[in-house]
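The values are calculated or read from the model by the stated rules, or taken from the named source; none is laboratory data. As the structure is a prediction and not an experimental result, all values here were calculated from the model. So basically every Cβ, Gly included, is an ideal-geometry build from the backbone, and we count neighbours across all protein chains shown.
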Amino acid sequence: MITDWTVLIDSLIEERDAIVERVRNALRVEHSANRALRSEALHSQMARDVVRILSASREGGGESSGDDVADLAAAGEAWARQGVPVDEMLRAWQIGVEIVVGYVRQVGRRRGVEDADLLEFVQSALAWSDIAVVSAAKGHRSAEIARAIAEEERRTAFVRGVLFGTVPSSDLRITAEAHGIDPTGDYVAVRARLGDGVEQRKLEQAMGFHDSSQRRRGLCAVVDGAIAGFLSEPPAKIGDGLVGVGAPRPLKYVAESYRQATRALMTLQACGLRGAHDLESLGLRAAVAMDSDVSDIIRARYLDPLSGDSARELIATLRAYLACDMHVERTATRLFVHQNTVRYRIARFEELTGANLRETRVVVEVWWALALSEMSL
């Protein structure tokens, strides 16, 4: 019987083209959107795998050599590179095994093979198939990870190129379209830092990235420790995150917007603010935060002469005084003190600093000093 069994399996191996065609026909029905079975390369791989199933059955078990495992992993990688999802690949395996088993049963019974021998074949084929599926799935997963890493690297390189203005104009349109970006639109650059308890993915979603319900609004990547990118619309509510936003610019000029976004973020950090802000909303505070030379002069002129508890008292009074358009009465009401107390504190400040708050230039410099006193610079 063993000789007959070997002859039977050998004859089936010779008929592998007919078996593969049955598998292909079954897959066409299963995956009607992929009637070509993805590619002839996958067709050839399926043929070799069917032969392996029959050969393993002839050898009497589910053992597989190291070369077999490597080849099966490579087959899984091939499916992944063709864009075939892993569940579709596993279903194709299942269909292939079902076709092989059914074909062998049909031929075996026609040739008088005992049911016990057919059962042995089925058990051997299924055992080998389990090994094949695991090996192919590992290869598929490995290829998916490699592809995801490569895609991430390409996306990051493109984002950095747009933000720093290093993408050649001749390549910009094609590369943008390859990433699902409209090359003719205007975009605002963003640069963001995570607040306490804020997850990166959630902040990116809040800004408008990862929106799969419509055409991609923009791209982002981690650049120098921050989330950086560009969007077709400014972000709205973003919770506790810190997001600097640039002005709208065509894609090839987004580097200008990114410079503004970086400056806005630095101002947010200095002022202890939260949310999404552009330079327009931050106003002169951006100049205070970024112009260290002028700030050093202003600090020495108006803040250094103040000291101790009286310094905090004088600064609080001046801040209220300017907020009340330099009206003593309104300032006193806001601070819950007597009007003469306000007048005394203002006079004391002028005495310590030599300032004259009746001069417009001095008022502007004092405002700068007060803004500086609120920042962590």
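Miscellaneous remarks
- Meets criteria (in the same structural domain as ALA136 (by TED's automatic domain parsing), assigned to a helix (DSSP H, G or I), β-branched (Val, Ile, Thr) and closer than 16 Å to SER11 by Cα) for VAL100: yes
- Complete set of residues in the range 91-114 that are within 17 Å of ARG24 (Cα to Cα) and surrounded by fewer than 16 Cβ atoms within 10 Å (Cβ to Cβ): ARG91, GLN94, GLU98, GLY102
- Just one of the listed residues (GLY161, GLY208) is on the phi > 0 side of the Ramachandran plot and not assigned by TED's automatic domain parsing to the domain that holds GLU98, and it is GLY208.
- Some residue of the range 143-163 being crowded, with 18+ Cβ neighbours inside 10 Å, charged (D, E, K, R), touching a His at 6+ places or on another chain (Cβ under 9 Å) and assigned to a helix (DSSP H, G or I): no
- Scanning the range 240-250 for residues that are within 12 Å of ALA192 (Cα to Cα) and either part of a strand (DSSP E or B) or not charged (D, E, K, R) (or both) gives GLY241, LEU242, VAL243, GLY244, VAL245, GLY246.
- The residues of the range 282-299 that are under 21 Å from LYS237 (Cα atoms) and either exposed (fewer than 14 other Cβ atoms within 10 Å of the Cβ) or over 30 Å from the mean Cα position of the chain (by Cα) (or both) amount to a single one, GLY283.
- Those residues of the range 164-190 which are surrounded by fewer than 16 Cβ atoms within 10 Å (Cβ to Cβ), in contact with a helix residue (DSSP H, G or I) (Cβ under 7 Å, 6 or more places away or on another chain) and part of a helix (DSSP H, G or I), in sequence order: PHE164, SER169
- All conditions but one from (1) surrounded by fewer than 13 Cβ atoms within 10 Å (Cβ to Cβ); (2) more than 18 Å from TYR258 (Cα to Cα); (3) at pLDDT below 90 apply to GLN200; the one that does not is (1).
- Residue list for the range 286-317, filter: under 13 Å from ALA369 (Cβ atoms) and among the basic types (Lys, Arg): ARG299, ARG301
- Selection of the range 203-245 for residues being modelled with pLDDT of 85 or more and over 26 Å from GLU151 (Cβ atoms) yields PRO234, LEU242, GLY244, VAL245.
- The number of residues in the range 322-342 that are under 47 Å from the mean Cα position of the chain (by Cα) and without any contact (Cβ under 8 Å) to a residue 40 or more places away in the chain comes to 2.
- Check on ARG319, touching a helix residue (DSSP H, G or I) at 6+ places or on another chain (Cβ under 9 Å), assigned by TED's automatic domain parsing to the domain that holds VAL363 and without any contact (Cβ under 8 Å) to a residue 24 or more places away in the chain: no
- Any hit, the range 302-313, residues being in contact with a Cys (Cβ under 8 Å, 6 or more places away or on another chain), of a type outside the set (A, V, I, L, M) and farther than 27 Å from LEU268 by Cα: no
- Leading residue by the ranking (farthest from MET266 (Cα to Cα)) among those in the range 180-197 that are at pLDDT 85 or above and among the small types (Gly, Ala, Ser): GLY180
- When residues of the range 1-19 are limited to those that are farther than 16 Å from ALA125 by Cα and aliphatic (A, V, I, L, M), the one modelled with the highest pLDDT: ALA18
- Test: residue in the range 286-303 that is touching a helix residue (DSSP H, G or I) at 6+ places or on another chain (Cβ under 7 Å), free of Cβ contacts under 8 Å to residues at least 12 places away in the same chain, not assigned by TED's automatic domain parsing to the domain that holds GLU233 and not aliphatic (A, V, I, L, M): no
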